[in-house]
2 protein chains.
Amino acid sequence: MKTKTKKYVLTDDQMPTQWYNMVADMPHKPLPPLHPGTKKPVTKEELCSIFAEELMDQELSQERFIDIPEEVQNLYKIWRSTPLVRAYELEKALGTPAKIYFKNESTSPAGSHKPNTAIPQAYYNYKQGIKNMTTETGGGQWGSALSFACKFFGINLKVFMVKVSYNQKPYRKLMMNTWGAEVIPSPSSLTDAGRTVLAHDPDCSGSLGIAISEAVEMAVKNPGTTKYCLGSVLNHVLLHQTIIGEEALRQMEMAGDMPDVVIGCFGGGSNFAGIGFPFIRQNLCEGKNIRVIAVEPQSCPKLTRGTFQYDFGDTVGLTPLIPMYTLGHNFQPSDIHAGGLRYHGAGAIVSQLLKDGLIEARSIPQLETFQAGLLFAKTEGIIPAPESTHAIAMAIREAQQAKEEGKSKTILFNLSGHGLVDLYAYEQYFAGNLKNYEVSDETIGKSVKELERIL
Amino acid sequence: MKTKTKKYVLTDDQMPTQWYNMVADMPHKPLPPLHPGTKKPVTKEELCSIFAEELMDQELSQERFIDIPEEVQNLYKIWRSTPLVRAYELEKALGTPAKIYFKNESTSPAGSHKPNTAIPQAYYNYKQGIKNMTTETGGGQWGSALSFACKFFGINLKVFMVKVSYNQKPYRKLMMNTWGAEVIPSPSSLTDAGRTVLAHDPDCSGSLGIAISEAVEMAVKNPGTTKYCLGSVLNHVLLHQTIIGEEALRQMEMAGDMPDVVIGCFGGGSNFAGIGFPFIRQNLCEGKNIRVIAVEPQSCPKLTRGTFQYDFGDTVGLTPLIPMYTLGHNFQPSDIHAGGLRYHGAGAIVSQLLKDGLIEARSIPQLETFQAGLLFAKTEGIIPAPESTHAIAMAIREAQQAKEEGKSKTILFNLSGHGLVDLYAYEQYFAGNLKNYEVSDETIGKSVKELERIL
């Protein structure tokens, strides 16, 4: 009896030992980040006031490949490689001639792709002797991943968690507590940034931008003892996530296949870059013609409807100015359940790639994403995170188009995480309490207009 | 740079294609199950009134190996093989000369080992044309696994969930709902069995035994349209779980190692048998000398303090009488958080193996298990299910003994599931609300004495 191969895994000794730095191969390099005060390109020294030094070397690096430290490789092996899975059952349900593969990042102990960068970030801070770290979390996936990572290195972690997620996801908070982190709902009264927001709107449900402001402020005010770190957007974060795509490349080769389309959901860019960058390299350096698609929620459409401009990474204006597609740092996204996608801007590399037409972007309404997530749970058995359902919905659109056109194609998407700790979202969906959120041109225009004052 | 191999995985084409039937190699075969009414050995026809026919062929089979159907193999590949992981970080924290390996069953979409039998059970029922199934669940792991499995085959599932778990674990219920199952807190007023219990004790927090009674009754009262199925105890369930140990055997060979001790936590026996039986075969057929240890909670000590006797699998007396180590079917275990281990008896095969000295049994108090679970989360990064912490605690005891004796040994335990959907238990532990539950000899004696009336 011969059964079909469904899943491709790499053994520990087949694992990639280097991350891929997209910057090396970009035809137009991203514009430099600017100091929020001087508006001059920010120096490594300035960045190192809040970030660990080796991470900033990576942030500014032009090297094509960067070695993964042995300690990080060993911790990656707790769960990596993640499986590349052929979604036969989903294909069958859709009646599509397309082949659909997904990279299953949900098998990490934190349930998402976020530990891929959490571990090296904790490691480089530890190596520098840092004992305290701060960060923010939206959907809770980054906060749990960093809690998991800090535990290995004995680092104390404070996580500012967007209040709407804090209330919706008590189990996310408990995960972080179990790994030893302290979790603070944001906006909080612990920081100037939080107090300012609360003074204007005591019932503010928070946003990633506000939470970043709080976490950065706490690091800035405790120089030398406390460093900040970020789970998305920045170059070094995206660098670490390329382990996903580097594995996927090798696994697609094992499958004797190569994607025509690569899809990732898009919040700040980390899982999208992780799956996508190594395939963009195939286009730029190997003459391939792979479409790479970033999928954002309809309610937070920076890539599809934002403007390309320098903007802050946070709400208050403490971070460097980053050249990005943005809705404006004061844009307040709706309380959709894909908390990790409620971010106003995109990172510098991804923004430049979009500007240069090297990637595509699409937005999808919330209800379509939950429908896609449930079809996936029914066919492939895995309950996806609300964020990941955006990638699934796009993969389904592509598969349906293939069916309409009667053409085969190979689709690869990243399943960035499972939804077992986000089941409240599904409960709300079943209860009919979820809806789509259309953003008006006026709202975006107003929010973007405020950016004119920055530069 | 050469890093250590931490993890051993099998590719899809290296996967075992047969389950192992322990009965074939047992020096003393288990005594036959008896009909609850006639007290005569139960016939296949009688069993088939509530169970699917091919499952009952397996229940009574004496064949050493049984082929895994192609459809089941294909669904196994969604997540199997599960990784065999060397717990270097736990070893380091313990300062032990022992080598510790664990089989990581938490990577399944339902988060535990239970889908290993849920999928074939749903498959054989589907093959027989069954459209409705009933079952019970303790900790929620079996109920979620069967919901996951039934979804693939379009089977409607009703799950009777032990009330204490239903209240403690809302996310477990939501998982089942998301995969399309109906979840009923047990004891319920839907069945005679439930109503009888509620009449005596309206606040009864339930038990696996009561929930089994309810699920069986619903199948018995709807003959032809509804079948019952069980997540542990019975021979065919244990058979399906041997995929764990069959993989582990091959993976230990890949690691160039062989365990001296194999450990599984013990509720009804399914994950213990899964990891253990193939290694017992090594003892019986290959002249190996591997200790195989079942670990139960101090509060539900059927293996270490129960009596070997015919007893019902449920509380009301609807199931066949099974020859088992039991605390008596009316034994009401404390509300410990390892809900899956709150069961009064052990399966026939495991009980006979224990009687014949072919396995060992130990019991561990609740607080020690949570301490072990947290050490594991800190060192190996995975938050274990409260059930699995019992196996971890035993592995730690063995590793500490190795340290005291200055001897190396190789320990293998089964990590039966993750605790991400059971985080309430950890919250209670952190809050200091958990305690140990010592069971008095008098309580056990009284409960066991009631068995005299059965035969």
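The values are calculated or read from the model by the stated rules, or taken from the named source; none is laboratory data. What you see is a predicted model, and the numbers here were worked out from it, not measured in a lab. Neighbour counts run over all protein chains shown; Cβ positions are idealised from the backbone, glycine included. Protein only, heavy atoms only, side chains kept; ligands, DNA and RNA dropped before computing areas. Shrake-Rupley method; radii C 1.70, N 1.55, O 1.52, S 1.80 Å.
The radius of gyration of the Cα set in region A:199-273, together with its Dmax, comes out at 18.2, 58 angstrom.
Distances between equivalent label points of B:Phe430 across the copies, with each point positioned 7 Å along Cα→Cβ, amount to 2.7 nm, shortest listed first. One quarter of the convex hull surface built on the alpha carbon atoms of region B:1-114 amounts to 12.1 nm², the projected area averaged over directions.
Modelled spin-label separation between A:Thr443 and B:Leu455, with each label point placed 7 Å from Cα along the Cα-to-Cβ direction: 7.1 nm.
Inter-copy label distances for A:Asp335: 3.1 nm (label point placed 7 Å from Cα along Cα→Cβ; shortest first). Computed across chain A, the Kirkwood radius stands at 21.6 Å (inverse of mean 1/r, all Cα pairs).
Across the identical copies, the 7 Å label point of B:Asn156, projected outward along Cα→Cβ, sits 5.7 nm from its counterparts, in ascending order.
Accessible surface buried at the A:B interface totals approximately 4500 Å², computed with a 1.4 Å probe on protein heavy atoms. Shape analysis of region A:342-455 yields a ratio of the Cα radius of gyration to the Kirkwood radius, Rg/Rh, of 1.03.
With 28 Å as the limit on Cα-Cα distance, the pairs of A:Lys29/A:Lys449; B:Lys127/B:Lys163; A:Lys409/B:Lys4; A:Lys103/B:Lys4; A:Lys403/B:Lys77; A:Lys77/A:Lys151 that go past it are B:Lys127/B:Lys163; A:Lys409/B:Lys4. Shielding value for B:73-83 is 5, the average number of Cβ atoms from other chains within 10 Å of each residue's Cβ. Kirkwood analysis of region B:223-312, using all unique Cα-Cα pairs, places the hydrodynamic radius at 14.7 Å. Counted over all Cα-Cα pairs of region B:156-282, pairs farther apart than 19 Å make up 61 percent. Across peptide B:11-24, the average count of Cβ atoms from other chains found within 10 Å of a residue's Cβ is 2. Dividing the convex hull volume of the alpha carbon atoms of region A:285-377 by its residue count gives 120 Å³ per residue. Across region A:86-126, the volume of the C-alpha convex hull divided among the residues equals 73 Å³ per residue. For chain A, the share of DSSP beta bridges that are antiparallel, to the nearest 5, is 35%. Separation of region A:335-398 from region A:75-151 is 16 Å, based on Cα centroids.
Per residue, region A:326-455 exposes 35 Å² of solvent-accessible protein surface, assessed with a 1.4 angstrom probe and all protein chains in place. According to the calculation over all Cα-Cα pairs in the protein assembly as shown, the P(r) per 20 Å bin from zero is 15, 48, 30, 7, 0 %. Of the residues B:Val23, B:Gln251, B:Ala52, the one whose Cα sits farthest towards the positive end of the charge dipole of chain B is B:Gln251 (charges of +1 on Lys and Arg Cβ, -1 on Asp and Glu Cβ, taken about the Cα centre). Distance from the alpha carbon centroid of region B:181-221 to that of region A:1-59 works out to 55 angstrom. Summing Cβ point charges (Lys, Arg +1; Asp, Glu -1) relative to the Cα centre of chain B gives a dipole of roughly 640 debye. Under Stokes-Einstein, with the Kirkwood radius over Cα pairs as Rh, the value for region A:98-195 at 4 °C and 1.567 mPa s is 93 µm²/s. For region B:1-64, a Kirkwood radius taken over Cα pairs fed into Stokes-Einstein (4 °C, viscosity 1.567 mPa s) yields D = 84 µm²/s.
The relative contact order of region B:1-116 comes to 30 percent, based on Cα pairs under 8 Å that sit 6 or more residues apart. Summary value for region A:141-275: 18 percent relative contact order, contacts being C-alpha pairs under 8 angstrom separated by 6+ residues.
Each Cα pair under 8 Å and six or more residues apart adds its sequence gap; the mean of these over the residue count of chain A is a relative contact order of 20 percent. Computed from the alpha carbon positions, the gyration tensor of region B:73-142 leads to an equivalent ellipsoid with semi-axes of 35, 14, 8 Å, biggest first. Dividing the helix sum by the residues of the protein assembly as shown, where each DSSP H run of 4 or more adds -39500 (n - 2.57), gives a mean residue ellipticity at 222 nm of -12000 deg cm²/dmol.
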